[in-house]
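Structure first, then comments.
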Amino acid sequence: MDQTRRARPRRVTSAAALALLLSCCVSPAQIGDSAFPGETKDPCTKVTIPISVASSKPGTPFQASDLIAELAGNTLHAVSLSASQVEPRIVLLVDTSGSMAPDLDDRKLGTRAWGHGLEASVFAFRALPENAKVAFGTFASHLHIAPFGNLSAAQQQLSDLAKVTPRGETDLFGSLHIVAQAFGTPQFGDAIYVVTDGGDNRAKVSARAVSKELAFFSVRVYVFFITHQKFVTPDEKEGLDNIQLLAENTGGQIVQMPWSEDWLATTQAENYAALIRQYVRAPYRLELLLNRPLSKPGKLKITSSQPTLHLIYPKLLVPCAGH
């Protein structure tokens with residue numbers, strides 16, 4: 001999108017909510033199987049999803065028998081729940097369109113070309129697990145993405161961002177559609193980190209269609225969100241709603257912080273980056289048993305009998321191939 005400006009969304013990350021997330025510590029040793037160990041001959045009736053857990057009470061037990069999963073009002077059987085350690089493949093995408101330039105009235109940034117996208121990109125990089133395979137990419141009107149490599153390669157590409165001048169329109173969801181295909185064969189733990197202000201004024205692919213596609217491939221999306229001072233165009237007004245849908249449907253999160261060099265140096269920033277790394281490299285693996293294969297996408301709801309647990313999981317289930 002062009003260099004237009006936005007109002008600060010009403011939905012912001014509160015200190016209380018962040019404190020809840022930062023208090024995470026659920027004991028993997030207390031994970032167990034559910035009371036529904038049923039088997040099925042149709043592989044499309046078994047669904048495996050990643051689930052992350054935060055607790056306001058460290059040491060809270062977390063086991064399948066505590067979970068209630070519902071799809072379109074029907075209760076699903078939790079077959080198993082287990083801790084996992086993955087070497088995730090992560091695509092780190094940075095929006096370089098014109099709207100990532102500074103707000104016209106943000107004099108604190110002086111004459112630099114970027115708004116707060118550089119600081120958000122640095123934080124997103126810090127939130128990458130050390131063992132991740134990373135593909136670094138940028139997008140505006142077109143997507144540019146490097147092959148998967150190690151953190152050192154991604155860090156060099158990140159440092160080159162300062163030489164880029166944000167310009168052009170934004171093909172956010174079209175770029176995410178291409179990235180979904182770039183993963184190839186899905187692997188448990190795949191994720192996308194995207195630094196953006198949420199708007200898309202190219203409209204090649206809808207947010208809803210992309211969220212279904214990424215949910216199909218089990219790719220979690222973490223959005224490092226940039227806010228502006230004024231909403232001007234319809235795509236700007238819809239931006240936060242669209243990325244909220246994307247994050248929720250795929251089991252990721254919206255990360256919305258007071259981006260600045262000063263904030264990056266805080267303990268809060270360090271702890272939050274460590275928390276995201278933990279979510280991405282060590283998701284729990286939850287296996288659900290459906291009564292029959294899905295014929296259309298459905299909304300998933302999972303609750304826990306433990307009120308101190310906060311569950312982060314994909315809220316959209318889509319039919320598997322062939323259904």
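In the list 241, 235, which residue meets the criterion of being crowded, with 21+ Cβ neighbours inside 10 Å, in the same structural domain as residue 171 (by TED's automatic domain parsing) and modelled with pLDDT under 90?
Only one candidate passes the filter, namely 235.
Do the conditions hold for residue 210, that is, is it in contact with a Gly (Cβ under 7 Å, 6 or more places away or on another chain) and of a type in the set (A, V, I, L, M, F, W, C)? Considered against the rule, which asks whether it is in contact with a Gly (Cβ under 7 Å, 6 or more places away or on another chain) and of a type in the set (A, V, I, L, M, F, W, C), residue 210 comes out as no. Of the residues contained in region 185-195, none is found to be at pLDDT below 90 and surrounded by fewer than 24 Cβ atoms within 10 Å (Cβ to Cβ). Among the residues examined, residue 111 does not qualify as touching a Ser or Thr at 6+ places or on another chain (Cβ under 7 Å) and either farther than 26 Å from residue 202 by Cβ or at pLDDT 90 or above (or both).
Counting only strands (runs of 3 or more DSSP E) that fall entirely inside region 1-95 and contain at least 1 residues that are more than 18 Å from residue 312 (Cα to Cα), at pLDDT 50 or above and within 24 Å of the chain's Cα centre (by Cα), the qualifying elements are 46-55, 89-95.
Take residue 122 and decide whether it is in contact (Cβ under 8 Å) with a residue 24 or more places away in the chain, in a helix (DSSP H, G or I), more than 20 Å from residue 246 (Cα to Cα) and of a type in the set (Val, Ile, Thr). Taking the combined requirement at face value, the residue satisfies it.
The values are calculated or read from the model by the stated rules, or taken from the named source; none is laboratory data. These numbers come from a predicted model, not from an experiment. All Cβ positions, even for glycine, are placed from backbone atoms using ideal geometry, and neighbour counts span all protein chains on display.
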